[in-house]
1. Within the range 46-80, count every residue that is among the charged types (D, E, K, R), over 14 Å from residue 115 (Cβ atoms) and surrounded by fewer than 19 Cβ atoms within 10 Å (Cβ to Cβ).
2. Please determine whether any residue of the range 118-130 is in contact with a helix residue (DSSP H, G or I) (Cβ under 8 Å, 6 or more places away or on another chain), surrounded by 16 or more Cβ atoms within 10 Å (Cβ to Cβ), modelled with pLDDT of 95 or more and closer than 23 Å to residue 54 by Cβ.
3. Given the condition of a type in the set (A, V, I, L, M, F, W, C), within 29 Å of residue 29 (Cα to Cα) and loosely packed, with under 12 Cβ neighbours inside 10 Å, answer yes or no: does some residue in the range 86-97 qualify?
4. Just to check your reading of the model, which residue among 20, 91, 83 is within 24 Å of residue 154 (Cα to Cα) and among the aliphatic types (A, V, I, L, M)?
5. Could you pull out the residue among 88, 35, 135 that is among the aliphatic types (A, V, I, L, M) and under 12 Å from the mean Cα position of the chain (by Cα)?
6. Kindly provide the set of residues from the range 28-45 that are open to solvent by less than 70 Å² (accessible area, probe 1.4 Å), touching a residue at least 60 places away in the same chain (Cβ under 8 Å) and under 13 Å from residue 155 (Cα atoms), ordered by number.
7. What pairs come out if I take residues in the range 133-161 that are open to solvent by 60 Å² or more (accessible area, probe 1.4 Å) and pair them with residues that are aromatic (Phe, Trp, Tyr) and in a helix (DSSP H, G or I) whose C-beta lies under 8 Å away, six or more apart or interchain?
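The values are calculated or read from the model by the stated rules, or taken from the named source; none is laboratory data. Predicted model only: the values in this text are computed from it and were never measured. Please note: Cβ atoms are built from the backbone with ideal geometry, for glycine as well, and neighbour counts cover all protein chains shown. Remember, those area values only see protein heavy atoms, side chains included, never the ligands or the DNA or RNA. Shrake-Rupley method; radii C 1.70, N 1.55, O 1.52, S 1.80 Å.
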Amino acid sequence: MCKLLGQKNTMILRQQYELVKSARKALFDYCATMAPAHFVEEHSTFGSGSIRNLLIHNLNTYQWWIGKNALQREVGFTPYESVTDVAATIVHFDAADAFMEDFFLQFDGRESEPVSASLREKTFLSTPLELFTHAVTHEFHHKGQILSLSRHLGYLPVDTD
């Protein structure tokens, strides 16, 4: 599969991530229009409970799969309660964007090489491409939940794609 991407595969992954960041910015801009109480209001029917929690869950997914597993860094995960507004959420994602750049540099041309990964005390082989794909698709899955939750709260979702 990576052969289809050609040499300098991470250039395509980096371009893909720029599109992800663009969609994320549209979502952040939309979330910034919400009442602060709605941003943190918990709803048991929506995964992690609140818009804030879903966003931080996405962040923690990048921290786990890219930071800890791919880059083999000690990562401190972001507690939901430590973030109270969209501006603070953006600061945390900016830090994730910085280690994503390290990821692109470290795995340039090696996206399909096996790397050791772990989840719930199980270790397995994956690839940087698989870890990247998982983090991105996970984010978009929860972005849909965020937009659905916002509609439940009385907002009219915007196009974030």
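1. Here the count works out to 1.
2. no
3. Within the range 86-97 (the criterion being of a type in the set (A, V, I, L, M, F, W, C), within 29 Å of residue 29 (Cα to Cα) and loosely packed, with under 12 Cβ neighbours inside 10 Å), the answer is yes, since at least one residue qualifies.
4. 83
5. Sole residue among the options that is among the aliphatic types (A, V, I, L, M) and under 12 Å from the mean Cα position of the chain (by Cα): 135.
6. 30, 31, 34, 38
7. Here the result reads 134/65; 158/30, each pair linking the range 133-161 to a residue that is aromatic (Phe, Trp, Tyr) and in a helix (DSSP H, G or I).
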